[in-house]
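Just so you know, all these numbers are worked out from the coordinates, no wet-lab data involved. From a predicted model like this one, the values you see are computed outputs, not experimental measurements. With ideal geometry, Cβ positions are generated from the backbone for all residues, glycine too; neighbour counts draw on all protein chains shown.
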Amino acid sequence: MSTHAATASSSLPAETAAPAGASKALVVGIVGILLTAAGLFVPGNGKVIALTWLVGLSFWVAIAIGMLLLVMIHHIFDASWSVVLRRQFEHGLSAFKWLGLLFVPLLVATWVKPGSVWKWTNLDYQLHGHGTVGEDILYVKKAAFLNPTMLTVMTVAFFGLWMFLSARLRKASFTQDTDGDIKWTFHNRVTAAAGLFFTALTLTAASIYWIKSLEYHWFSTMYGVWFFANCARGALAIGVLVLLWLYARGDLKGILNTNHMHSVGQLVFAFTVFWAYISFSQYFLIWGANIPEETFWYNLREINADGFANQWKWVGMALLFGHFLFPFLYLLSYKNKIIHSRIKFIVICILATILLDMCYNILPALKDAHGDAKPFLSLNLLWVATSVIGIGGVCVWSYLRSFATTKLIPIRDPRIGECLTHHE
């Protein structure tokens with residue numbers, strides 16, 4: 001460690017008070033989960049609960065994956081300014097094991113009642129105008145990939161890899177706080193070098209298995225990239241909220257500066273443009289080609305069988321403005337990146353839009369007797385809310401538990417001195 005870094009770290013508090021509220025967060029989580037489960041007692045509501053639970057899981061898993069990716073990107077680039085933010089992401093990674101546990105009910109439902117979540121898990125599932133899944137040639141060609149056994153094995157493998165990488169990164173970072181050995185920095189670079197590749201593959205496969213396969217007839221080569229964009233944006237948004245919360249508590253006073261906020265704001269802006277680029281590219285190519293095997297996915301989210309626009313069309317318009325136009329124009333301003341109240345506002349908007357995006361991709365799988373997507377504005381949103389709150393409460397509880405076990409920031413990271421004096 002450099003002399004400058006050692007001097008800087010020696011002036012920092014060795015410990016920080018554990019945040020209150022971990023038990024409250026867990027109670028909120030449990031209540032949200034129980035309220036969601038109560039929806040199963042409503043006749044004919046099983047698939048609704050399953051898909052709204054999938055919305056909640058996809059939202060929080062995406063954020064956790066984004067944190068994992070950003071931690072590894074930090075190590076690959078040997079970044080200095082993000083050392084403080086990295087520690088909060090490391091705490092966030094502790095949620096993976098609980099997210100994996102919360103995914104189990106969907107796997108159990110797949111085996112106990114095939115077709116209750118993903119229609120391709122039941123070969124006798126009746127398709128609208130296409131016979132059964134088992135008779136569908138498009139399913140037959142994908143059967144080796146889309147079956148309950150592969151879904152279960154792959155899901156376990158996804159969470160296993162994410163938990164393994166998270167444990168390695170967290171252990172090395174936390175241990176360095178104690179012994180200051182630079183070997184842990186190199187250790188995490190090696191983990192990140194291999195981990196980025198496998199995380200990219202698994203997040204792509206997970207998004208295809210869990211979300212895209214709800215309409216398994218659809219073809220998209222951009223789906224994993226779309227999911228990655230939401231992962232990164234969600235993680236950055238949560239990271240900003242955590243930093244602002246810790247600053248307001250007084251923990252990061254004298255540590256977090258204007259330049260840190262500007263740098264993370266620039267990343268939020270960059271991924272705003274990235275989401276727009278990949279989403280527009282996909283829509284433009286599908287619209288231009290006008291191939292029924294591709295356009296039906298968007299048609300389902302724009303018009304009903306009678307030719308009239310449905311509610312999902314306006315959700316799509318909301319995504320256009322909420323995901324890109326509004327945050328793009330808002331984040332052009334330097335002040336909107338550095339003034340705490342202003343950047344807090346935009347990242348909350350981004351999180352809300354990411355959740356809306358998950359609903360847009362998942363909930364149209366709920367169809368009426370005519371094969372039209374059920375309306376967006378319905379009681380289904382109540383179960384979305386309870387699912388997101390329930391799973392989110394568990395994630396917050398996991399973060400707070402981890403927060404109390406180690407230093408506020410990586411005080412012996414070789415780059416901590418540069419981070420504390422970060423300038424543009």
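A compact table of results
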item	result
Proximal charge balance of Thr185 [Cβ under 15 Å; K/R count +1, D/E count -1]	+2
Förster radius 41 Å - calculated FRET efficiency between Gln266 and Ala37, Cβ distance, rounded to 0.05	0.45
5 angstrom amide H check on Ile303, placed H, neighbours 5+ away	Asn310
Protection-proxy order for peptides 184-190, 135-141, 353-359, 396-402, each taking the mean of Cβ atoms within 10 Å per residue, highest first	353-359, 396-402, 184-190, 135-141
Net charge of neighbours whose Cβ lies under 12 Å from the Cβ of Ile208, counting Lys and Arg as +1 and Asp and Glu as -1	+1
Spin-label pair Leu329/Asn147, simplified geometry with 7 Å Cα→Cβ offset, distance in nm	5.3
Label-to-label distance, nm, for residues given as Phe296 and Asp124 (7 Å Cα→Cβ offset)	2.3
Top positive-direction residue, dipole computed over the chain with Cβ charges, set His75, Thr199, Gly254	Gly254
Other-chain or far-sequence residues with amide H under 5 Å of Thr132's (modelled H)	Leu127
Per-peptide average of other Cβ atoms within 10 Å, ordering 165-178, 80-93, 191-204 highest first	80-93, 165-178, 191-204
Mean separation of Cα contacts under 8 Å, 6 or more apart, over the residue count of region 267-401: relative contact order %	25
Region 409-424 and region 115-153: distance between their alpha carbon centers, rounded to Å	52
Out-of-range pairs (alpha-carbon distance over 25 Å; input Lys253/Lys344; Lys24/Lys212; Lys171/Lys337)	Lys24/Lys212; Lys171/Lys337
Lys, Arg +1 and Asp, Glu -1 on Cβ, resulting dipole of region 21-420 about Cα centre, debye, nearest 20	1140
Calculated FRET value between His423 and Ala200, using beta carbons and R₀ = 35 Å, to 0.05	0.65
Value of relative contact order over the chain, rounded to a whole percent, pairs C-alpha under 8 Å and six or more apart	37
Ellipticity estimate at 222 nm from DSSP helix runs (n ≥ 4, -39,500 (n - 2.57)) divided over the chain, nearest 500	-22500 deg cm²/dmol
For region 325-401 versus region 195-272, the gap between their alpha-carbon centres in whole angstrom	13
Distance (nanometres) between label positions extended 7 Å along Cα→Cβ at Ile137 and Val156	3.6
Net +/- balance of residues flanking Ile278 in space, Cβ distance below 15 Å, scoring K and R +1, D and E -1	+1
Full-extension gain in nm, His370 to Thr258, via 0.36 nm per residue minus C-alpha separation	34.8 nm
Dipole axis of the chain (+1 Lys, Arg; -1 Asp, Glu on Cβ), positive-most option in Asn304, Ala373, Thr406	Thr406
Span-like helix ranges in the chain, DSSP H, alpha carbon extent 30 angstrom or more, Kyte mean at least -0.5	46-77, 148-179, 183-210, 223-249, 258-289, 340-362, 380-403
Sequence-distant residues sharing a close amide H with Lys367 (under 5 Å, placed H)	Lys374
Computed E for Ile182/Ile339 - FRET, C-beta separation, R0 35 angstrom, nearest 0.05	0.40
